[in-house]
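A.B. asks: The structure that follows is given in the form of structure tokens.
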Amino acid sequence: MASDTQRILARAAREVIPGQIVNLGIGLPTRLFHYLPDEMEVLVHSENGVLGCRPRRDGEAPDHDMIDSGGAYITTRPGASVFDSATSFAMIRRSRVDLTFMGAFEVDADGNLANWKIPGKFSPGIGGAMELAQKVRRLVVLCSHNDKHGNPKILARCRLPLTASGCVSRIITDKAVMDVTPAGLAVVDIAEGLDPADLRAATEAPLLIDESRMGRF
Amino acid sequence: MTLLTEKVRDIEAAVAAIPEGATIMVGGFGSPGTPFALLDALLESGQGGLTLIKNDANEPGIGIGRLIEAGRVKRLITSHLGLNRTAIEAMNAGRLEVIFHPQGLLAEKIRCAGAGHGGFLTDIGQGTEIAEGRREIELDGRPWGIEPALHADVALVHAERADRYGNLIYRATASNFNPLMAMAAEQVIAQAYRLDAPGELPIDAIHTPCAFVSQVVQVDRATSEQGVRPHGL
């Protein structure tokens, strides 16, 4: 399981282009923080009001006024700034954040995303996810391909309440990297050693697979 | 509005003037920027039936978490309760009414009240359940949802530094909702770690000009118990 997570994160780190402004959603995407090298000129945005987050190094004392949106103590890199919540969300709504990574309960063939509410079971509120999903230029979903019972999370059509519709560009799971295209989900990379037929069987959404162009990861 | 020369209060007097059943904005995103000393004094002071407006519910046993656990909060207007299981339990048991807004809309509704506007137009949430029942108008050929401003009787805010006129400077990610709330409520009570004479704050570093602030209270630094906790995310 740990190796699946590491493979997702290592593959996701290749999505980040030096010079970008990037937001990391709560949960698995937060851990991507540790896959971005210090010398890479990327500013990580956190919606509580900071642009230019850096993870705290071992032994570095926590600053009690300095957290990210997941509630972890952080520090900042050169070029960072801090601001209030209205400015932070203006940055998001004006699409000045280039790339965001988010987890998912469900994601579907049309790029719809559900990651905030399971009616009757889980409804702690949406936080900043809706604005991020709707307005950030490129949204990459990081999630396990199937839930803990083995049910597909990559669906033909989301059934849970949506975070935003048509917002997802790419999906990275332990089994595959898939792009949302007008023709449907196109497999870009498939996990090392996985048979395309087994990938289809683990996925509810129809998949476009061109084995001659598909990468391994 | 309070005269410039009469804003410095002791903490008990500042919170004693808050009426029963008041609507109160509370600064902070998680722990940073939460006015812990004012909230503890409010708990001590005894008012109930409160409506609180805060980004989150802090964590169990600290901040507004304590007021919710003591049954003083009737309604909470917020964006996320994920870090406070006792608030989620109170909500699920029907002891606490919770109204959720997406975080950026919550901030903007407060900012609008502070700017003296009645509301704003947005496309956030269109096509989702957030927009159900929201009034829409068409402008420049596009549909927009109407989001009314969010007002309050009182705002409790936390600043790093203040002067006795009520000019405020926030620090790092302890800014968050504080400067927005400091403009949006009828009475604004600010706590600060350091209280200076007028003229001692650099004038181009002041985030909230004193005109918006009603009362200033000097407080001790928050305890480590009031810091954020490991969440194993």
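A.B. asks: Keeping to region A:22-44, report how many residues are of a type outside the set (D, E, K, R) and assigned to a loop (DSSP other than H, G, I, E, B).
C.D. replies: Total satisfying the criteria: 7.
A.B. asks: Separate question: Can you name the residue in region A:133-167 that is surrounded by fewer than 22 Cβ atoms within 10 Å (Cβ to Cβ) and among the small types (G, A, S) and is also nearest to the chain's Cα centre (by Cα) among such residues?
C.D. replies: Ranking the candidates gives A:S144 first.
A.B. asks: Ok, one more. Six or more apart or on different chains, Cβ atoms under 6 Å: show the pairs whose first residue is in region B:11-34 and away from every other protein chain (no Cβ under 12 Å) and whose second is of a type outside the set (G, A, S) and surrounded by fewer than 20 Cβ atoms within 10 Å (Cβ to Cβ).
C.D. replies: Here the result reads B:I18/B:Q47; B:E20/B:Q47; B:A22/B:D153; B:T23/B:T51; B:T23/B:D153, each pair linking region B:11-34 to a residue that is of a type outside the set (G, A, S) and surrounded by fewer than 20 Cβ atoms within 10 Å (Cβ to Cβ).
A.B. asks: I want to confirm something. Restricting to region B:169-193 and keeping residues that are open to solvent by 10 Å² or more (accessible area, probe 1.4 Å) and free of Cβ contacts under 8 Å to residues at least 40 places away in the same chain, which single residue is farthest from the other protein chains (Cβ to nearest Cβ)?
C.D. replies: Step by step, filter region B:169-193, then rank; the result is B:E186.
A.B. asks: For region A:174-207, what are the residues that are in contact (Cβ under 8 Å) with a residue 24 or more places away in the chain and loosely packed, with under 13 Cβ neighbours inside 10 Å?
C.D. replies: A:T181, A:A183, A:E192, A:P206
A.B. asks: Against the condition in contact with a strand residue (DSSP E or B) (Cβ under 6 Å, 6 or more places away or on another chain) and farther than 25 Å from B:Q218 by Cβ, how does B:R75 come out, does it pass?
C.D. replies: The answer is yes for B:R75.
For every residue, the table says whether it meets (1) of a type in the set (S, T, N, Q); (2) under 18 Å from the mean Cα position of the chain (by Cα); (3) within 11 Å of chain B (Cβ to nearest Cβ).
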| residue | (1), (2), (3) |
| --- | --- |
| A:R7 | no, yes, no |
| A:R11 | no, yes, no |
| A:E15 | no, yes, no |
| A:G19 | no, no, no |
| A:R31 | no, yes, yes |
| A:D63 | no, no, yes |
| A:A86 | no, no, yes |
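A.B. asks: Take B:I146 and decide whether it is out of contact with any Cys (no Cβ under 9 Å at 6 or more places or on another chain), surrounded by fewer than 14 Cβ atoms within 10 Å (Cβ to Cβ), of a type in the set (V, I, T) and free of Cβ contacts under 8 Å to residues at least 24 places away in the same chain.
C.D. replies: Answer is no for this residue.
A.B. asks: Moving on. Can you find a residue in region B:196-212 that is open to solvent by 30 Å² or more (accessible area, probe 1.4 Å), within 14 Å of chain A (Cβ to nearest Cβ) and in a strand (DSSP E or B)?
C.D. replies: No, region B:196-212 contains no residue that is open to solvent by 30 Å² or more (accessible area, probe 1.4 Å), within 14 Å of chain A (Cβ to nearest Cβ) and in a strand (DSSP E or B).
A.B. asks: Out of region A:1-19, which residues are within 12 Å of A:L36 (Cα to Cα) and outside any helix (DSSP H, G or I)?
C.D. replies: A:R14, A:E15, A:V16, A:I17, A:P18
A.B. asks: So which residues in region A:46-90 are within 25 Å of B:H101 (Cα to Cα) and either charged (D, E, K, R) or part of a loop (DSSP other than H, G, I, E, B) (or both)?
C.D. replies: Across region A:46-90, the qualifying residues are A:E47, A:N48, A:G49, A:D65, A:M66, A:D68, A:S69, A:G70, A:G71, A:A72, A:F83, A:D84.
A.B. asks: Count, please, the residues in region B:118-143 that happen to be in a loop (DSSP other than H, G, I, E, B) and either of a type in the set (K, R) or crowded, with 18+ Cβ neighbours inside 10 Å (or both).
C.D. replies: Looking only at that region, the number is 5.
A.B. asks: Looking at (1) closer than 30 Å to A:F217 by Cα; (2) within 13 Å of another protein chain (Cβ to nearest Cβ); (3) modelled with pLDDT under 95, which one does A:S46 not meet, given that it meets all the others?
C.D. replies: Among (1) closer than 30 Å to A:F217 by Cα; (2) within 13 Å of another protein chain (Cβ to nearest Cβ); (3) modelled with pLDDT under 95, the lone unmet condition for A:S46 is (3).
The values are calculated or read from the model by the stated rules, or taken from the named source; none is laboratory data. Bear in mind the structure is a predicted one, so any value in this text is a computation, not a measurement. Positions of Cβ are generated from backbone atoms using ideal geometry, with glycine treated the same way; all protein chains shown enter the neighbour counts. The accessibility values were calculated without ligands, DNA or RNA, using every heavy atom of the protein model including side chains. Shrake-Rupley method; radii C 1.70, N 1.55, O 1.52, S 1.80 Å.
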